[in-house]
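Structure first, commentary second.
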Amino acid sequence: MKKVDTLIIGGGISGLSAAHFLNKRKIDFLLLESSNTLGGVIRTQTHKHFVLENGPNTVLNNNSSIQKLVNDCELKDKMIFPEISSNSKRYVFHNNNPVAVPLNIKEFFKTPLIPLSSKFKLLCELISPFQFQNTTVYNFFTMKFGKKFHDNLIEPFLTGIYAGNTKKMSIKHCFRNLWLFKKKYKIILIGLIISMKKRSLSFTFRNGLHELIKILEKNLKDKIELNSSVELIKKNGNKYEIVTNTRKTFLCKNVISTIPSFSLSKIIFDDNLSSILKKIDYNPIDVFHFVFKKDDIKNNLNGFGILCKPSDKKNYLGIIFNSKIFPHICSPDYDLFTVLVGGEKQKDILKISKEGLKKIIVNEIKDLIKCSGDLVSSNYFRWEKAIPQYNLIQEELGKSISNFQKKYNNFKIIGNYFSGVSVSDCIQKSELVVDELYD
């Protein structure tokens, strides 16, 4: 039996970040990763001189933890920020035409996406704000501002983050900034604008997000064991005994779990928490990358990308205009697009063969961008369990994790399935739990 002060379960960005912050404090730790690679959902690959992201395309530069991590890894000079004109526009379909999402009060009251009746309700809310309780995203916005406000603006916006069903999703946990702002200032519109604008504070690295993973792996390699999945966790006095698939046993004072909820549910020794973790839904996503010649494209939409709602009758959730945001990722003679397919409301589409689905999507993209030429290059990746859903179960989950950690205060649980789904959220939570254990 090997003794270690802190054992980290999982080698995604949460686990690697926790390992980094522990390493800065010169703490004795070990990280166990079940697969043969690190990075979790961060999956960068280079294909025919194009930089492709199969997971998140950018990281939000919105907290001090991500900034510390980037500086510590000496990657600040390699941060690439979007061109201002591209990053400021996100489109949704309206009457089958791309329309920019409003990002300030003036734009909210001018946009054709919001009917006059909804604008009047927004104005009334500014003058006479109201109270609200946690409910579904769909119920909240349709009740307060009307169905078209929800369908034309809110649903596509959340599709780009969760690929979920707004009739199940929690307003409190999907719009944390809106919820906090509303509780403090009693005005929803400002919180909504802040929530949308924060998505634009993003960056990547010259060779993709995996650059960060490679640096972390290099710095921490002596304290990482790959192909080591945890099969058993049990209390041993005031410590924890961890048994892996390789029959190794570790005795540790602290545990930091960063693995997905469905994985943790199988090994956690608390039956109540295990049952709730099993209820967290994950939706499947297909990721396509397509390259076309610039000269063949007539409709050059200058922006971050475009999102869909079910009534648009598209066979994809959204398209990211990669080479508009980060021109360095491909040759100047080409345009690169990432297309996301699937999610809660498109599961049946994923039953179509890869080649059949590819043909359908290519035709729809070519129609959008008015492309007269052939597809130059493509790439495909499937996530069976892509994005955890922030449904109403989040409230119960948060209480259950809180109660568990009060009882076992040296067993920390973090991940993208609660308190923030983004990469920067995960990094921030990792630093926080290290501070809680050692401050």
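The values are calculated or read from the model by the stated rules, or taken from the named source; none is laboratory data. Everything numeric here is computed off the predicted structure, so don't read it as measured data. Neighbour counts run over all protein chains shown; Cβ positions are idealised from the backbone, glycine included.
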From the option list PHE269, PHE304, single residue qualifying as aromatic (Phe, Trp, Tyr), without any contact (Cβ under 8 Å) to a residue 40 or more places away in the chain and either crowded, with 18+ Cβ neighbours inside 10 Å or more than 30 Å from HIS150 (Cβ to Cβ) (or both) is PHE269
- Query: Residues in the range 372-385: is at least one touching a strand residue (DSSP E or B) at 6+ places or on another chain (Cβ under 6 Å), aliphatic (A, V, I, L, M) and crowded, with 20+ Cβ neighbours inside 10 Å?
  - Reply: no
Exercise for review: For the range 410-427, indicate whether the set of residues that are assigned to a helix (DSSP H, G or I) and polar (S, T, N, Q) is non-empty.
Suggested key: yes
Subset of the range 1-54, residues of a type in the set (A, V, I, L, M) and more than 23 Å from SER422 (Cα to Cα), comes to MET1, VAL4, LEU7, ILE27, LEU30
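Identify all residues within the range 242-252 that are within 24 Å of LEU16 (Cβ to Cβ) and either surrounded by fewer than 16 Cβ atoms within 10 Å (Cβ to Cβ) or among the hydrophobic types (A, V, I, L, M, F, W, C) (or both); write none if there are none. Let's see the steps before the verdict.
Applying the first criterion (within 24 Å of LEU16 (Cβ to Cβ)) to the range 242-252 yields 242-246, 248-252.
Passing the criteria: ILE242, VAL243, ASN245, THR246, LYS248, THR249, PHE250, LEU251, CYS252.
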Only unsatisfied item for LYS406, checking (1) surrounded by fewer than 19 Cβ atoms within 10 Å (Cβ to Cβ); (2) closer than 25 Å to GLY318 by Cα, is (2)
When GLY55 is run through (1) in a loop (DSSP other than H, G, I, E, B); (2) of a type outside the set (A, V, I, L, M); (3) at pLDDT below 95; (4) out of contact with any helix residue (DSSP H, G or I) (no Cβ under 8 Å at 6 or more places or on another chain), the failure sits at (3)
Has the range 381-401 got at least one residue that is over 30 Å from ASN177 (Cα atoms) and in contact (Cβ under 8 Å) with a residue 24 or more places away in the chain?
yes
Heads up, the helices (runs of 4 or more DSSP H) in the range 97-177 (entirely inside) with at least 1 residues that are of a type in the set (Lys, Arg) and free of Cβ contacts under 8 Å to residues at least 40 places away in the same chain are 105-110, 116-127
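Within the range 74-83, is even one residue without any contact (Cβ under 8 Å) to a residue 60 or more places away in the chain and either under 30 Å from PHE205 (Cβ atoms) or under 22 Å from the mean Cα position of the chain (by Cα) (or both)?
Filtering the range 74-83 down to residues without any contact (Cβ under 8 Å) to a residue 60 or more places away in the chain leaves 76-77.
Cutting the leftovers down to either under 30 Å from PHE205 (Cβ atoms) or under 22 Å from the mean Cα position of the chain (by Cα) (or both) gives us 76-77.
Yes, that holds for at least one residue.
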Considering the range 322-373, residues that are part of a loop (DSSP other than H, G, I, E, B) and among the acidic types (Asp, Glu), and then whichever is modelled with the lowest pLDDT, we arrive at GLU344
The number of residues in the range 310-321 that are in contact with a Phe, Trp or Tyr (Cβ under 8 Å, 6 or more places away or on another chain) and assigned to a helix (DSSP H, G or I) is 1
Residue count, the range 1-38, condition closer than 15 Å to LEU251 by Cβ, assigned to a loop (DSSP other than H, G, I, E, B) and in contact (Cβ under 8 Å) with a residue 60 or more places away in the chain, comes to 1
